[in-house]
Amino acid sequence: MTNMKSKVINYIFLFFSYLALGVGYSVNAGNNFLENINNRFFVSPEISLLSAFILLCLFLFNKNNNLFVRKFWPFWCFGIAASVIYVLTQSFSINESANLSGKLNVLITTIAIVGFAYVFTSLGVYLSNLLDSLKIKQWHVKYWHIVSILLIFWIVQIFPLFPGMVSWDGYRQFLEFFHTHILSLNFTYYPTNHHPWAATLVLGMIFSFGKYLGGTNFGLFSIVIVQLVVSSLIYAKIIQFVGEKWGKLPSIMALVFYASPFVAFWQVTIEKTPLFLAFTSWFVFCFVKILLSDGKEEASNLLIINLIISAILMSMFRNDGAYVVILSLFILFILKIIQNKTFSYKYLAILCTFLLVYVGWNKIALPMMNVVPGSTGETITMPMRQLSKVVINDPDSLSKKDLKIVNRITPVKELSSHFNVNNADDLKSLYPVDSFLRSPYEIKQIQDGQLKKEATPRIKNETNQYLKIWFIQFFKHPKEYINVFLTGNSQFLNPILDSDSGSRGIMYGNDYMKNNTFLQPEWYHQVHYWFSDNARKNISWPNVIFKLPIIRTILQPGFALWLIAFSFSYFIYKRSYLVVICLPVGLLAFVALLSPVNGYERYMLPAMFVVPLLLTVLVNVSFKKNRVNLGS
């Protein structure tokens with residue numbers, strides 16, 4: 001392409017970007033052409049000023065950079081994908097009919113997609129140039145110094161919540177561990193794998209030991225101590241690693257992140273999540289260390305042992321963790337065969353060891369302990385929302401036979417009152433198997449036989465038929481399915497959509513438990529804070545920090561997903577084998593897209609907690625010692 005042609009095309013795309021930045025996403029549809037135009041092209045004074053800054057940056061950057069060359073195709077893919085997601089999530093989540101109905105709206109939406117594709121592609125190329133300009137300056141810091149700093153910073157922030165903050169899920173785990181009998185309901189809790197039973201056993205045993213030594217409150221504090229110690233040991237290793245592989249400033253920034261309230265307050269929360277986050281970070285850390293060895297250094301036995309143990313613990317503390325581990329270990333096995341040009345028995349043994357433990361635990365140990373499996377309804381909330389919307393809006397598109405099957409899984413008459421595209425908790429409660437038990441009413445349904453504790457062969461068969469109908473209906477209602485997926489995940493997919501930053505999933509209290517007697521263990525009334533109400537008066541101070549500019553964006557769940565998408569395009573651009581790091585990190589983010597609650601921070605935390613490792617790999621890919629030409 002000639003220089004003149006390139007400039008002309010650049011100015012055309014710049015104009016489209018100008019129009020795209022002016023597109024609004026209306027709540028109400030216009031009554032005529034002019035009203036529609038007015039509704040779709042509007043910006044606030046703040047957005048207008050920001051748009052002017054963006055356009056100036058685009059003009060200055062692309063004046064000396066030609067985006068229209070073949071080598072930048074990965075960034076064009078990133079830019080187009082990001083643009084489509086950005087525009088459509090805005091359109092669907094605000095008002096589909098006002099933004100996507102009619103030829104005029106389709107045209108305006110297309111203009112917005114083209115314009116933002118140029119903006120995001122330019123951003124990708126700019127970040128690529130920035131990464132290429134960074135230099136690695138190894139910085140070594142003593143490991144135990146980092147551990148000490150983390151512990152000090154965490155304790156200073158969270159001490160008012162000692163002996164520990166038991167969450168809703170945490171109390172549920174204790175009820176199952178102790179087989180608690182709720183006298184008012186005449187109901188005895190039984191072990192389930194809704195919350196992984198391995199995590200329940202670990203928390204229950206630590207609590208029991210601490211309670212034996214010093215009473216109920218020390219039992220809870222014992223869990224907090226374990227979480228503080230385990231997490232500090234793992235995150236300190238990551239911080240030290242960032243220093244060694246990148247430099248002093250990045251290592252300090254990683255320290256700031258892990259010492260921040262965003263991480264600190266999870267250490268005082270008592271449930272499966274804090275240790276799962278630590279074990280996940282440990283697994284990805286081991287994965288990254290093996291990747292950056294470039295295939296030239298044989299991984300030490302200690303590192304292999306760490307990889308296996310972290311993989312097992314990660315899968316034991318969250319049910320979907322196993323899928324991330326299995327796929328990650330498999331791709332690592334394949335990579336080592338390619339790098340070493342010989343069959344890798346070591347990495348096959350790692351994968352087989354994990355599978356042996358995982359299958360043995362789930363297929364032999366759990367049944368022997370009479371642990372009830374988690375409900376399938378927990379894992380199909382997105383298909384349930386998609387098919388339910390079709391049934392509500394267009395029931396005639398399903399045959400009577402299909403509607404009968406749907407009715408057995410989700411009673412059709414109750415769909416309208418239970419459907420919420422952003423929160424599927426009510427909808428999944430219609431599923432005939434309930435392992436969630438979030439209210440006395442659901443417990444009563446279990447007792448009366450209206451809901452089952454465990455899926456029968458008939459329910460399993462009907463669920464399979466339900467999923468077949470869901471699959472077939474996609475071809476009849478693709479727009480509805482895409483609408484539900486994008487709207488129901490809008491805050492995971494779009495870093496601009498952040499309805500309420502709030503506490504970012506952090507708990508500062510659990511007063512709601514006072515009225516939920518069905519979730520109170522026998523020792524509930526023995527629990528008390530070690531510090532006064534005055535000490536906890538301003539405990540929610542992190543919320544102020546979370547709402548500050550830049551910090552709010554970084555901590556928004558969608559930001560991590562976009563960072564992973566850019567990283568993938570950068571690795572492809574560099575033709576680097578290190579692209580495989582996007583598999584475990586990407587899967588951790590993808591799991592959030594199948595969750596029942598839109599934008600719920602906790603589902604994206606695993607991916608967010610390993611971002612320092614992803615960034616470290618990104619920086620290292622620019623150096624020759626860590627590059628392999630995928631085309632060779």
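Going by average Cβ neighbours within 10 Å, how do the peptides 300-313, 479-492 rank, with the highest at the top?
Sorting 300-313, 479-492 by mean packing, highest first, produces 479-492, 300-313.
Between the stretch 255-309 and the stretch 395-443, what's the alpha-carbon centroid distance in Å?
The stretch 255-309 and the stretch 395-443 have Cα centres separated by 38 Å.
With a 1.4 Å probe and all protein chains left in place, how much accessible area per residue does the chain have, in Å²?
46
Using a 1.4 angstrom probe on the protein heavy atoms only, line up LYS103, LYS363 by accessible area, largest first.
Largest accessible area first, the list is LYS103, LYS363.
Compute, for TYR25, the solvent-accessible surface of its heavy atoms (probe 1.4 Å) with the complete set of protein chains present, and express it in square angstrom to the nearest 10.
Its accessible surface works out to 30 Å², give or take rounding.
Could you give the alpha-carbon Rg of the stretch 183-271 over 2.2 N^0.38 Å, rounded to two decimals?
Cα Rg divided by the expected 2.2 N^0.38 Å: 1.48.
Checking the cross-link filter: which lysines have an alpha carbon closer than 29 Å to that of LYS142, excluding same-chain neighbours under 8 positions apart?
Excluding near neighbours in sequence, the set is LYS237, LYS245, LYS248, LYS289, LYS296, LYS624, LYS625.
Would you list LYS289, LYS63, LYS428 from the most to the least accessible area, probe 1.4 Å?
LYS63, LYS289, LYS428
Roughly how much of GLU378 is accessible, in Å² to the nearest 10, using a 1.4 Å probe?
50
From the P(r) of the stretch 313-408, could you give the percentage of C-alpha pairs in the tail past 22 Å?
55
Give, in whole angstrom and from largest to smallest, the semi-axes √(5λ) of the equivalent ellipsoid of the stretch 409-527, with λ running over the eigenvalues of the Cα gyration tensor.
The answer is 31, 26, 11 Å, longest axis first.
How do VAL43, VAL621 rank by accessible surface area computed with a 1.4 Å probe, from largest to smallest?
Order by accessible area, largest first: VAL43, VAL621.
At a probe size of 1.4 Å, how large is the accessible area of LYS404, to the nearest 10 Å²?
Only protein atoms counted, so the area is about 130 Å².
Starting from the alpha-carbon convex hull of the stretch 338-380, give the projected area averaged over all orientations, in nm².
4.9
Take the stretch 474-632, drop everything but the C-alpha atoms, weight them equally and run the Debye formula without solvent; then report log10 I(q)/I(0) at 0.16 Å⁻¹ to two decimals.
Per q value, in the given order, log10 I(q)/I(0) is -1.01.
Could you check how much of the accessible area of the chain is carbon and sulfur, as a whole percent, using a 1.4 Å probe?
Carbon with sulfur: 65 percent of the solvent-accessible area.
Scan around THR192 for amide H atoms under 5 Å from its own, H built in the peptide plane at 1.01 Å from N, and keep only partners 5 or more places away or cross-chain.
Here the answer is VAL372, since their amide H atoms fall under 5 Å of that of THR192.
Identify which of the listed values of Cα extents along the principal axes in Å was calculated from the structure shown: (i) 80, 65, 59; (ii) 206, 81, 39; (iii) 82, 55, 47.
Read-out taken from this structure: (i).
Straight-line reach from LYS7: which lysines have a Cα under 23 Å away, not including same-chain ones fewer than 8 places off?
Within reach: LYS63, LYS71.
Which ³J(HN,Hα) values, rounded to whole Hz and listed in residue order, are derived for the stretch 83-92 from phi using the Karplus coefficients 6.51, -1.76 and 1.60 in 6.51 cos²θ - 1.76 cosθ + 1.60 with θ = phi - 60°, glycine and proline given as x?
Couplings: 5, 4, 5, 4, 5, 6, 5, 5, 5, 5 Hz.
Where does the charge balance sit around PHE518 when Lys and Arg score +1, Asp and Glu -1, over other residues with C-beta under 12 Å from its C-beta?
+2
Under 27 Å between C-alpha atoms is the cut-off here; go through the stretch 417-480 and count lysine pairs that meet it, provided they're at least eight residues apart or on different chains.
The result is 17.
The values are calculated or read from the model by the stated rules, or taken from the named source; none is laboratory data. Computed from a prediction, not measured in an experiment: that's the story for all the values here. No Cβ is skipped: glycine too gets one built from the backbone with ideal geometry, and neighbour counts run over all protein chains shown. Surface areas here come from the heavy atoms of the whole protein model, side chains and all, with no ligands, DNA or RNA. Shrake-Rupley method; radii C 1.70, N 1.55, O 1.52, S 1.80 Å.
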